[in-house]
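Report on the following structure.
All of the numbers you see were taken from the coordinates with simple rules; none came from a lab. Note that the structure is a prediction, hence the values are computed from the model and not measured. Please note: Cβ atoms are built from the backbone with ideal geometry, for glycine as well, and neighbour counts cover all protein chains shown.
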Amino acid sequence: MDFSKHPLKIFFSYYKPHWPLFAADMTCAVFMAAIDIAFPMFSRYALNTLIPNHELKTFLILVAVLLVGFCLHKGCNWFVAYWGHVFGTRVEQDMRRDVFDHLEKLPFSFYDTNRTGKIMSRATTDLFEITELAHHGPEDFTIAMLNLIGAFVMMLHIRWELAIIVVIVLPVMIAIGIVSRRNLSKTSKKVKEITAEVNAGLESSISGIRVTKGFNNEEFERERFAGFNKQFSDAKKWRYKYMATFFSNIEFCNNLLSLVVLGAGGYFIIKGKMTLPDLVAANLFVAAFRAPIGKLNFLVEQYTNGMAGFHRFLEIMRTEPEPADSPDAVEILSARGNINFKNVDFSYTADYPVLTGVNLDIRSGEKFALVGASGGGKSTLCNLIPRFYEITGGEISLDGIDIKKIKKSSLRSQIGIVQQDVFLFAGTIRENIAYGKPTATDAEIEQAARRAEIHDDIMKMPNGYDTIVGERGIKLSGGQKQRVSIARCFLKNPPILILDEATSALDTATEIKIQHSFDELSKGRTTLVIAHRLSTIKNADKIAVVTDHGIAEQGTHDELMAKRGEYYKLRTVQEE
């Protein structure tokens, strides 16, 4: 879908997959409008002709016809109330599907600069009113316009002067609606933005609840959230102020219209230019005018709420996704694991270079370690290989193929990553291990766990592999979480492995046990190790020291120690 189009074109494009249901909904709406218009005319006919002439049989037939019409009106009303809302829900569902699909395509840089709570608001809260707008918008507009036009034509037939009075008052009411809508629209958008802030603050506070309690900062968090909550309350207050002004003005205009019609009609009756039944019918048509005006007013509120959320939805959908695969991109089924960096530059922003002129030659099956001070770009360098970020200069190749000419899905399928901050989903241990290969059998999952030396720990847990790990794996120890992530990599079985400071947060005893799992996992694979504790990479085939200025030096442990350069300094500091 082209999201550069006008918002309303994009909005209505979501109707297309569900047009039969939408058509049925609109048909029922048109029939309801026809019944609403017919009733005043039938009443006028009965009052002017049938009742004065005592035509009882015809009158009863007319009452029976109206009864049938009202029964059909009831059936249509039920259809609109139920299936109309189902239609709106399906539109909302499609939008939420698209925004989630798009979120999956957005680059790491997007998540680096946007808070989780705000992103969640775009996919949930912001789309809640879409259901009502998608359903009631066209339906209420159609019913309102048919009623207005029908009532105006019928009133012309009764007394053209009354019709002109109505025509004069209506533009005033519409003008009030337009002016009020602008204010409502601004405040509705503001409420959406602050709701996102509240969600982000709430998500952050809940995620960090253990840190909060650890520092005894519950009162600080309450005060901070109270600030967000007050902003939300104030924004709502302003919105309700504009809404109250809007509806009170419209209600005043409605009452004024009834009064003017009554006064003008009474004048015409006194002058003998109009009958009492005609005035009754005219008042019924005024009621017919008021109903659609009420619908249009309600539609204004729905439109401001719904479109405020829809515009925020579009902001996400118009965010540039990861670069698409090039037309000549190839698919690799089994990489050998030869990785080459040639004059690679990278920067997150144009004025802040992170890596400059990086040259590395990592051979298949080699254990290649990256060391250096924090913030030097070690993790960034590794993140460039699976194209989580795009290089700004130079070339990275895998088995002699520029990674930009390899399909991303294919490239990433060849790489397994174990990070220091392990993320586990709030499911079972089985589900988290199987994330490395969703189609894995129980036997394959158990084998991966055994190789990661976590099987025995799992079997001691209350429900074994079906034990719930909790939010972000909180029910497991650091070492257990790390070994679950290693098992996940065993299951994926990639030819290239990236270990990003995967043991730096563990105690020495656990680190030794994890290191044994890593050694097993690294066999026969090209392995890049980002090391905090240099003792763990002493036996690496090659070591590169990464600094703010790029690769300072590289070689084996013995070679670098003999140079007495940057690596030697790092080792000396850690051994003191």
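Relative to the Cα centre, the charge distribution of the chain, modelled as +1 at Lys and Arg Cβ and -1 at Asp and Glu Cβ, gives a dipole magnitude of about 1420 debye. Assuming charge only on the beta carbon of Lys and Arg (+1) and of Asp and Glu (-1), the dipole of segment 7-317 about its Cα centre is about 460 debye to the nearest 20.
Projecting the Cα atoms of I316, V286, G265 onto the dipole axis of segment 7-317, where Lys and Arg carry +1 and Asp and Glu carry -1 at the beta carbon, places G265 farthest toward the positive end. Were the residues from D466 through R564 laid out at 0.36 nm apart, the gain over their Cα-Cα distance would be 30.1 nm. Rounded to the nearest 0.05, what FRET efficiency do D101 and N343 have when you use their Cβ-Cβ distance and R0 = 41 Å? After rounding to 0.05, the efficiency reads 0.70.
For G337, the residues whose modelled amide H falls within less than 5 Å of its own, excluding neighbours fewer than 5 places apart on the same chain, are D399. Look at the Cα gyration tensor of segment 339-575: its axes a ≥ b ≥ c give a/c of at least 1.5 with a/b over b/c, and that counts as prolate.
Using the Cβ-Cβ distance between Y352 and W238 with R0 = 41 Å, the FRET efficiency computed as 1/(1 + (r/R0)^6) comes to roughly 0.55.
Rounded to the nearest Hz, the phi-derived 3J(HN,Hα) couplings of segment 264-280 under the Karplus curve 6.51 cos²θ - 1.76 cosθ + 1.60 (θ = phi - 60°) are 5, x, x, 4, 5, 5, 4, 7, x, 9, 7, 9, 4, x, 5, 5, 4, where x marks glycine and proline.
What fraction of the DSSP beta bridges in the chain is antiparallel, stated in percent and rounded to the nearest 5? If you can, show how the numbers build up before the last one.
Numbers: 20 of 39 bridges.
That works out to approximately 50 percent antiparallel.
Dividing the summed helix terms, -39500 (n - 2.57) for each DSSP H run of n ≥ 4, by the number of residues in the chain produces a 222 nm estimate of -21000 deg cm²/dmol to the nearest 500. Compared with the alpha-carbon gap, the fully stretched path from S397 to L256 is longer by 43.0 nm at 0.36 nm per residue.
Phi angles of segment 127-138 translate, via the Karplus equation with coefficients 6.51, -1.76, 1.60 and θ = phi - 60°, into HN-Hα couplings of 9, 4, 6, 4, 4, 5, 5, 4, 7, 6, x, x Hz per residue; Gly and Pro are given as x. Projecting the Cα atoms of H549, P40, N53 onto the dipole axis of the chain, where Lys and Arg carry +1 and Asp and Glu carry -1 at the beta carbon, places N53 farthest toward the positive end.
Place +1 on the Cβ of every Lys and Arg and -1 on the Cβ of every Asp and Glu in the chain, take the dipole about the Cα centre, and give the residue among N305, F247, I10 whose Cα lies farthest towards its positive end. Farthest along the dipole direction, towards plus: F247.
By how many nm would the segment from Q93 to Q419 lengthen if fully extended, with 0.36 nm per residue of separation less the alpha-carbon distance? Could the numbers behind the result be given before it?
Numbers: separation 326, 0.36 × 326 = 117.36 nm, distance 3.43 nm.
Extra length available between Q93 and Q419 comes to 113.9 nm.
What FRET efficiency would be calculated for the residue pair I51, I168, taking the C-beta separation as r and a Förster radius of 30 Å, to the nearest 0.05? Don't jump to the answer; show the numbers that get you there.
Values: r = 33 Å, r/R0 = 1.10.
FRET efficiency, I51 to I168: 0.35.
Measuring from each cysteine beta-carbon in the chain, the ones with no other cysteine beta-carbon under 4.7 angstrom are C71, C253, C382, C489. Segment 362-416 and segment 445-499 have Cα centres separated by 25 Å. Taken along the Cα-to-beta-carbon direction at a fixed 7 Å, the label points for L8 and F141 span 0.6 nm. In a simple Cβ point-charge model (Lys, Arg +1; Asp, Glu -1; nothing else charged), segment 339-575 has a dipole of about 320 debye relative to its Cα centre. For segment 543-562 versus segment 212-279, the spacing of their alpha-carbon centroids is 71 Å. Coupling constants for segment 32-41 follow from the phi torsions by the Karplus curve (6.51 cos²θ - 1.76 cosθ + 1.60, θ = phi - 60°), and in residue order they are 4, 5, 5, 5, 4, 6, 5, 4, x, 5 Hz; glycine and proline get x.
If you take the alpha carbon radius of gyration of the chain and divide it by 2.2 N^0.38 Å, what ratio comes out, to two decimals? The partial results should precede the final answer.
Details: Rg = 35.0 Å, N = 576, 2.2 N^0.38 = 24.6 Å.
The chain yields a ratio of 1.42.
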